[in-house]
Amino acid sequence: MDLELNKEFEPCYGEAVPAAADVLRVTVNNPGPFTFHGTNSYIVGRDTLAVIDPGPDDEAHLRTLLAAIGGRPVSHIFVSHTHRDHSPLAARLAAITGATIAAEGPHRPARPLRIGEINPLDASADTDFKADIALGDGDVIEGDDWAIRAIHTPGHTANHTAFALEGTGILFSADHVMAWATTIVAPPDGAMIDFMASLEKLLERDDRTYLPGHGGTVARPAQFLRGLRTHRRMRERAIVERLKAGDRTIPDMVKVIYRDTDPRLHGAAGLSVLAHLEDLVAQGRADTDGSPAIDGIFAPA
């Protein structure tokens, strides 16, 4: 099954727009190659509200959120993961509203750093983030007219969590599943084996709509998830074929596999290839001159 991406999206900066019944979407004006048109924040409820992913520490976005909240009480702020385009505004919004911040936990790599390894994604990590409540997988928090269930979906980050709006068929899928692009899985922040396991976990659910962290709605989640799973497996096969063809370094593989991709994304693509190679080495399907690394030498097993 092919993965059909949908890049049609109107961000409506400075406005809160309906995304579903009793759900408003506010998109941050922070477009870029990794954020698409910007980060989506969501306001859930009618009377007492919840905010999901308040976004970066952006003054204009804070004003837009507060205008949409309109003086109503905010009981909880949910944070899907601790990248700087999703979590930093949580502290300021909580200070203003008195809301409780709920998340899986602090930022951390998906695996320990190897000797001499530098995390190239340090700048994107919100290491100052602190939650008031640590959400376990399946935990439910209830408001006056809503209930939100935490669904742990590691892969993009170790602490990534999706949020199910109980009784509606809506899942706030954050950066794990997006309609406009495939998710970046970049070690050591993320891990491909975790990402694929999280896909399988979501396939066991019966959600009808995904509201993601960037871009528009995923209208047929099960079909999209199967396409995403196939896409990742095809990417894995492409890497194995490049190894068999004689490529030994990640840059050589990226030049061929991602030849039609924006060159600005080739660095991230290299980390995605590394994530696949870490998994392939663990499976015994590839060898390396040491622990899998971005500058390592690889070969077929």
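Run the dipole for the chain about the Cα centre, Lys and Arg Cβ at +1, Asp and Glu Cβ at -1, nothing else charged, and hand back the magnitude in debye, nearest 20.
Once rounded to the nearest 20, the dipole reads 660 debye.
Roughly how many nanometres apart are two label points built 7 Å out from the Cα toward the Cβ at ALA147 and LEU203?
Using points 7 Å along Cα→Cβ, the separation is 2.8 nm.
For LEU121, what is the net charge nearby, where nearby means another residue's Cβ is under 11 Å from its Cβ and Lys, Arg count +1, Asp, Glu -1? List each step's numbers first, then the result.
On the way: positive: ARG84; negative: ASP122, ASP189.
The answer is -1.
When Lys and Arg each count +1 and Asp and Glu each count -1, what net charge do the other residues less than 13 Å away from THR97, Cβ to Cβ, add up to?
+1
From the residues ASN30, ALA68, VAL17, which one has its Cα farthest along the dipole of segment 1-130 in the positive direction, the dipole being from +1 and -1 charges on Cβ of Lys/Arg and Asp/Glu about the Cα centre?
ALA68
With a cut-off of 8 Å between alpha carbons and a minimum separation of six or more residues, what is the relative contact order of segment 234-301 in percent?
Once normalised by length, the contact order is 38 percent.
Any idea what the relative contact order of segment 43-94 is, in percent, if you count C-alpha pairs under 8 Å spaced at least 6 apart?
On the way: 75 pairs, mean separation 24.2, N = 52.
Dividing the mean separation by the residue count of segment 43-94 yields 47 percent.
Sort the following peptides by mean Cβ neighbour count (other Cβ atoms within 10 Å, averaged over residues), highest first: 24-30, 127-133, 49-55.
Top of the packing list down: 49-55, 24-30, 127-133.
Pairs of Cα atoms under 8 Å, at least six residues apart: use those to get the relative contact order of segment 17-228, whole percent.
Numbers: 481 pairs, mean separation 35.2, N = 212.
Relative contact order here is 17 percent.
Run the reach check for LYS201 against lysines, Cα to Cα strictly under 28 Å, same-chain hits fewer than 8 apart removed. What comes back?
LYS7, LYS130
What is the distance in Å between the Cα centres of segment 229-271 and segment 1-59?
30
Could you give the size of the charge dipole of segment 233-300 about its Cα centre, using +1 on the Cβ of each K and R and -1 on the Cβ of each D and E, expressed in debye and rounded to the nearest 20?
Dipole about the Cα centre, nearest 20: 240 debye.
Using the Kyte-Doolittle scale, which helices in the chain average at least -1.0 and also have C-alpha atoms spread 20 Å or more along the helix axis, with helices defined as whole DSSP H runs?
Qualifying helices: 221-245, 266-283.
Just so you know, all these numbers are worked out from the coordinates, no wet-lab data involved. All values reported here derive from a predicted model rather than from experimental measurement. Heads up, the Cβs are rebuilt from the backbone with ideal geometry, glycines too, and the neighbour counts pull from every protein chain shown.
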